[in-house]
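Just below is one structure, and these are the notes that go with it.
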Amino acid sequence: MQPTLVIDGTKSSPEIILDPREGIFSFSGTSMSEDAVGFYMPIIDWLKKYALDPNPMTQVKFKMTYFNTASSKLLWEIMSLLQDIYSNGHKVKIDWIFQDEDEDMEEAGEIYAERMDIPINLIISED
């Protein structure tokens, strides 16, 4: 089993926690790195390895406050990997959490939910 991947958030990159033992993944914060590919490729590579032998249940929380276009393409790739896990018969629960007034993040969640063949729960943040 892979080790847990933890990347601390910064002003321009989100906090990432990928815990394979618990099957709990978290993406939170802002993603506007000028090198989005450089930031996300280790995460995508990690997820590709995880997808070879995933937990029976994987829970994913996206609580993004902002992401740029480059990041959105890589988030799409992450969603696609999660969808592959789901399509291969494993349970995957995705929560897309956004602030009540944040129409951009709500709309982004709706777009992912419409275009993916995996259930995505749109949730208004309580905090």
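Where a number appears in this text, it was derived from the coordinates with a stated rule and is not lab data. Quick caveat: nothing in here was measured; it's all calculated off a predicted structure. A quick note on method: Cβ atoms are made from the backbone with ideal geometry, for glycine too, and the neighbour counts reach across all protein chains shown.
Suppose only helical runs count, i.e. DSSP H with n ≥ 4. What mean residue ellipticity at 222 nm does that imply for the chain under -39500 (n - 2.57) per run, divided by all residues and rounded to the nearest 500 deg cm²/dmol?
Details: 3 runs with 49 residues, N = 127.
Dividing the helical sum by the residues of the chain leaves -13000 deg cm²/dmol.
Which values, in whole Å and largest first, are the semi-axes of the equivalent ellipsoid of the chain obtained as the square root of 5 times each eigenvalue of the Cα gyration tensor?
On the way: eigenvalues 89, 61, 36 Å².
Taking √(5λ) for each Cα gyration eigenvalue gives 21, 17, 13 Å.
State the extension gain, in nm to one decimal, for the chain segment bounded by Ser72 and Asn88, taking 0.36 nm per residue of separation less the distance between their alpha-carbons.
Numbers: separation 16, 0.36 × 16 = 5.76 nm, distance 2.43 nm.
So the chain would gain 3.3 nm between Ser72 and Asn88.
Enumerate the aspartates and glutamates that Lys49 could reach by cross-link, defined here as Cα to Cα under 18 Å, with residues fewer than 8 away along the same chain left out.
Leaving aside aspartates and glutamates fewer than 8 places away in the same chain, those within reach of Lys49 are Asp19, Glu22, Glu77, Asp84.
Please state the relative contact order of the range 5-124 as a whole percent: Cα pairs under 8 Å, 6+ residues apart? Show your work: numbers first, answer last.
Working: 205 pairs, mean separation 25.9, N = 120.
Answer for the range 5-124 is 22 percent.
Could you list the residues of the range 30-47 with an amide nitrogen less than 16 Å from a label point located 7 Å from the Cα of Asp104 in the Cα-to-C-beta direction?
Under cut-off, by backbone N: 30-34.
Which lysines have a Cα less than 21 Å from the Cα of Lys48, not counting those fewer than 8 places away in the same chain?
Excluding near neighbours in sequence, the set is Lys61, Lys73, Lys91, Lys93.
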